[in-house]
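Report on the following structure.
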Protein chains: 2
Amino acid sequence: MSKKNLAILLRARMKSNNPTKFSLSQFPEIQSNSNTQENHSRDHIVQNSNEGIANSSDFGTKQRVYDVVRETMHSAISGSKTGVLDITLSDFQEGYFSLSLEDREKLLLVLAKEYDVNREQVRELVKQYLGLENPASDDKDALSSVFYRIERNLRHALRPTYEVLFERLNTHPGGLRFLSILRADLLSILTKENSPSLRTLDSFLKEKLGMWLSPATLELHQITWDDPASLLEKIVAYEAVHPISNLLDLKRRLGIGRRCFGYFHPSIPGEPLIFIEVALMETVAQTIQEVLWDNPPIPENQATCALFYSISSTQPGLAGINLGKFLIKRVITLVKKDMPHVSTFATLSPIPGFMQWLLSKLSSQSRFAEDERGTQSNSPSSTFSEKVLLPEEEQALMSLSGDSSSGSNGMEVLLKLLSVKNCDWATSPRILPVLEPILMRLCARYLLQEKKRGKALDSVANFHLQNGAMVERINWMADRSEKGICQSGGIMVNYVYRLENIEDYAQSYFGSDKIHASPGIHSRL
Amino acid sequence: MSKKNLAILLRARMKSNNPTKFSLSQFPEIQSNSNTQENHSRDHIVQNSNEGIANSSDFGTKQRVYDVVRETMHSAISGSKTGVLDITLSDFQEGYFSLSLEDREKLLLVLAKEYDVNREQVRELVKQYLGLENPASDDKDALSSVFYRIERNLRHALRPTYEVLFERLNTHPGGLRFLSILRADLLSILTKENSPSLRTLDSFLKEKLGMWLSPATLELHQITWDDPASLLEKIVAYEAVHPISNLLDLKRRLGIGRRCFGYFHPSIPGEPLIFIEVALMETVAQTIQEVLWDNPPIPENQATCALFYSISSTQPGLAGINLGKFLIKRVITLVKKDMPHVSTFATLSPIPGFMQWLLSKLSSQSRFAEDERGTQSNSPSSTFSEKVLLPEEEQALMSLSGDSSSGSNGMEVLLKLLSVKNCDWATSPRILPVLEPILMRLCARYLLQEKKRGKALDSVANFHLQNGAMVERINWMADRSEKGICQSGGIMVNYVYRLENIEDYAQSYFGSDKIHASPGIHSRL
């Protein structure tokens, strides 16, 4: 395929760019791709135009088609395991695509309810189980084969019938990808309708997918300019952290001074489930501009640092499944082997949760302050009140606000400033220098001290700490894009992976929730 | 590696050849390899000499080593999921190999009992479950999230703790192969000791392995002379149906007029889990001699028949897991693509169960006959009695036996003849022609009419019928080897796969237990 054609192809692909409905993973750094939802609804539209049915206004036809697909689904579940089944499964996949989202929802509800756990059987076994002599007795030898059998039967009976459909699709060509699309539908349906049975269907499918996509089954490949256009266009389409603007840009991302690695699953060929972009640098970059160069700043053989500047996952239907696991470790091993002179492995990462956390903290705290001013007595709320700002920060902020309308205390001023539409504060030479030390200190606190169930509150931080990284440095105005400013006040963070520490750090983060950080960061607190 | 070295290597490999302890699969055609048990105990011996422990007479040391391995196993199960775990899992694998079979048995018992299901928790959840309003009510919408949650928790609680170890090993380098060795140990232990907990451990592991080795995860490769010696030596070692005698023989199996395909799993590289050998012929071979030629009888482009003459599985630890599923179908597709002029796909298969069935049938029936002669009244046993032989067969057999001592009726004569050590009957020009029509008729009956739970009693027959084959022809004295004579009276059978029928036949065999057979076979009944 000529570059011209590829370029046209890619431009075509770039067009569709409406925001996706749901976050692609627990950690925003692994970005939801703005096209995948589009892709998959395109699949659906294409299918429709093929079938010319879901679009058809003829309700009768639609109903008949729905009935056929439902019938196929039934045979796909109840049919015996023969070659004929392959045809049925293919028919079901095709039929499913031909359905409108409404009909898909109807179908999934049927699946969730009609093909659920056989509860009569479960209750029967449960009674038998309780009937047996208490197995919790210390004499474990007392356990009879009968007991083990009932236990096993119970375990099996508790599996919903729709597990059959999932497992058959998993071993069916294209089935795994189909399941991830089906789950994408499920997730988008769940945002509108909260049905316990559908949520159960989803969490069950999620569990299965997580198992089938275990790191053992994923293959790490370096993606280069020599890869097929069909693969490269997906990189363009899915790169969501720092969108790829054109063909030249793509070639740069794969060219000298850069690397791109993807996790592939044998059943989903030609399409990475997740990919990571690496820049080879002399030092750890502080701003995204340093990374998105047009021409490599240094020859590769002078690089001492491999910077992970983007991780994108591609399947909306795999949301919540940690595909990144082991990815970074494997990439480090690969790069190290290829370039022994690279000694530092770092990231330049967003801090997706920072502003959200700060704004809610500020609003709650200024409310407490309000109350306290109102009732001089210690109102119950005040027990939750804390000093968010240092005295000098309080002062600096108050000095910023001419009139009292802008706020009766520092927190209110800060809250107002940060809440202004399209983040004007970031462009004001008067405000910026005042906010810098405040936001940098609060950001360090957010990263190092704000926890959820013992783990870092920030999902990206949690991801890298899990993998054995440490918080090295936070960088002011490292991402001046509107998203960067609104999400994290333009601040970006370098997580650093030091080979000699990865295991220990991961271990101590898991074991004792210890967040390793550089002295530089600690000094900001 | 020079051919000379390879030859030496292979000869070395050929030496060890003691019969394996346990059948490798439900269908003997997929033969247990006589070396694998040896291999794996060799692994173990090698390990020992490395460690120099299990061989050591110092009981104290052995005990300490055992304790260490047990400790490692505990951390492998209870440790948190970090990189450190990798080291623990590797240590456990190494440690396990260093144990004597006795200590492995001790360890597996600990695993089966100490890391079993948490039954207190199960009973607790079961009570909660029964506490909830009857969910079997028609109003499925009534099911609350609470109910689903408890159900899910119960499902999880019913998983034995040792599942963690299996799953972690599965995603650990070399872990899958280790698990198959561990299961091989389990199976050999179970032949000696029948412990419910160990049997439960085994069936649970078998279930897991079956899932992890689903056809979706297996890759089909053609094995050629260009493959690495390390792979080829395994073909030599594992081929068990028609052993490969030397390097030249191996080269022939992979050379002109033949094909060899293997199922590989990404986690067990360089070693097929199962492989199938194909001979390209002009017609469907009737005897194994026709297949094991030294020089191809015809040029490949004149071949119209692809004959599957050997299927060998390589991992004793995967006994009972049907790896052959889809294998034949995939191979047919591959061969067809490569050689469109091949129109017939057939097997030349053993009938492993025939003689065993016939002998037990004869002995029981002649006992009934005995009784009937004794008590002229209809003894209850006589209700089970049937005429195994036709009158003319009865006559022919009696005429064979000079004196009455050799038997008072045809069945007894036949029984005596067939029971004689090293099957002399097969070499007697007097007896052979008499037995031929009788054994051929009874063999046809065995293949087409003797069922177990509706399916063919013969495991090989059942395997091929499942895959959509038909019983085409039985061949007299097709395998004159001692094994062939004793197992199936020297008879071999051709199963034929006709592309246009595969799906229908498989379906009707599954659905209505219909065994498709050629008129030729039917006429023998």
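Using a 1.4 angstrom probe on protein heavy atoms only, which residues from the range B:495-518 are buried by at least 30 Å² of accessible area when all chains are present rather than their own chain alone?
Listed by number, the residues meeting the 30 Å² cut-off are B:E503, B:Q507, B:F510.
Would you kindly find the accessible area of A:W357, with a 1.4 Å probe and non-protein molecules such as ligands, DNA and RNA excluded, rounding to the nearest 10 Å²?
30
Any chance you could check the Cα centroid distance between the range A:386-447 and the range B:160-216 for me, in angstrom?
Centre-to-centre distance over Cα atoms comes out at 60 Å.
Per residue and in cubic angstrom, what volume does the convex hull of the Cα atoms of the range B:94-239 have?
189
Dipole size in debye (nearest 20) for the range B:222-352 around its Cα centre, Lys and Arg Cβ +1, Asp and Glu Cβ -1?
Roughly 400 debye, rounded to the nearest 20.
Given H placed 1.01 Å from N in the peptide plane, which residues other than close sequence neighbours of B:R258 have an amide H under 5 Å from its amide H?
Close amide H contacts, sequence-distant or interchain: B:L280.
Given the C-alpha atoms of the range B:412-483, compute the convex hull and give its volume per residue in Å³.
Details: hull volume 8.3 nm³, N = 72.
Given the Cα convex hull of the range B:412-483, per-residue volume reads 116 Å³.
Please give the charge dipole size of the range A:387-489, origin at the Cα centre, charges +1 on K and R Cβ atoms and -1 on D and E Cβ atoms. Round to the nearest 20 debye.
Magnitude of the dipole: close to 440 debye.
Give me the distance in nm between label points sitting 7 Å out from Cα along the Cα-to-Cβ direction at B:R524 and A:V420, one decimal.
Computed distance between label sites B:R524 and A:V420 equals 9.5 nm.
Taking only the C-alpha atoms, wrap a convex hull around the range A:173-247 and report its volume per residue in Å³ as a whole number.
Per-residue hull volume (Cα only) is 140 Å³.
With a 1.4 Å probe, how much accessible area is buried between chains B and A, both sides summed, in Å² to the nearest hundred? The partial results should precede the final answer.
Values: alone 24510 and 24520 Å², together 44020 Å².
For B against A, buried area totals roughly 5000 Å².
So, in nm, how far is label B:E370 from label A:R367 when the simple model puts each one 7 Å beyond its Cα toward the Cβ?
For B:E370 paired with A:R367, the spin-label model returns 9.3 nm.
On average, how much accessible surface per residue is there in the range A:449-525, in Å², for a 1.4 Å probe, leaving out ligands, DNA and RNA?
42
Debye sum, Cα scatterers, the range A:272-314, no solvent: what log₁₀ I/I(0) at q = 0.25 1/Å?
-0.87
For the pairs B:K251/B:K452; A:K106/B:K206; B:K251/B:K337; A:K192/A:K387, note any where the Cα-Cα span goes beyond 30 Å.
Those over the limit are B:K251/B:K452; A:K106/B:K206; A:K192/A:K387.
Taking a point 7 Å out from Cα toward Cβ as the label site, list the nm distances between B:I256 and the same residue in every other copy, smallest first.
5.2
For the range A:161-314, state the semi-axes of the equivalent ellipsoid (square roots of 5 times the eigenvalues of the alpha-carbon gyration tensor), sorted largest first and rounded to whole angstrom.
Here the semi-axes work out to 36, 17, 14 Å.
How high is the relative contact order of the range B:432-505? Use alpha-carbon pairs under 8 Å, at least six apart in sequence, and give a whole percent.
This gives 27 percent for the range B:432-505.
Apply the Karplus curve 6.51 cos²θ - 1.76 cosθ + 1.60, θ = phi - 60°, to the phi angles in the range A:254-271 and return the couplings in whole Hz, x for Gly and Pro.
9, x, 4, x, 9, 9, 9, 10, x, 8, 10, 10, x, 7, 10, x, x, 7
Can you classify the range A:259-375 as rounded, prolate or oblate using the Cα gyration tensor, where a ≥ b ≥ c are the square roots of its eigenvalues, rounded means a/c under 1.5, and otherwise it's prolate if a/b beats b/c and oblate if not? Intermediate results must be reported in sequence, preceding the final value.
Values: a/c = 3.25, a/b = 1.69, b/c = 1.92.
Cα axes put the range A:259-375 in the oblate bin.
Counting only heavy atoms of protein chains, what accessible area per residue, in Å², does the range B:103-256 have with a probe of 1.4 Å? Write down the numbers at each step before the final one.
Values: 5830 Å² over 154 residues.
Heavy-atom SASA per residue in the range B:103-256 reads 38 Å².
What are the ³J(HN,Hα) couplings of the range B:328-336, residue after residue, when phi is run through the Karplus curve with 6.51, -1.76, 1.60 and θ = phi - 60°? Round to Hz, x for glycine and proline.
Karplus-based 3J(HN,Hα) across the range B:328-336 equals 4, 4, 5, 5, 4, 4, 4, 4, 4 Hz.
Any chance you could check the range A:177-207 for residues losing 10 Å² or more of accessible area when the partner protein chains are in, compared with the chain on its own (1.4 Å probe)?
Hits at the 10 Å² cut-off: A:P196, A:S197, A:R199, A:T200, A:S203, A:F204, A:E207.
The values are calculated or read from the model by the stated rules, or taken from the named source; none is laboratory data. All values reported here derive from a predicted model rather than from experimental measurement. Ideal geometry is used to build each Cβ from the backbone, glycine not excepted, and the neighbour counts take in all protein chains shown. Side chains are part of the model used for accessible areas, which takes the heavy atoms of the whole protein and leaves out ligands, DNA and RNA. Shrake-Rupley method; radii C 1.70, N 1.55, O 1.52, S 1.80 Å.
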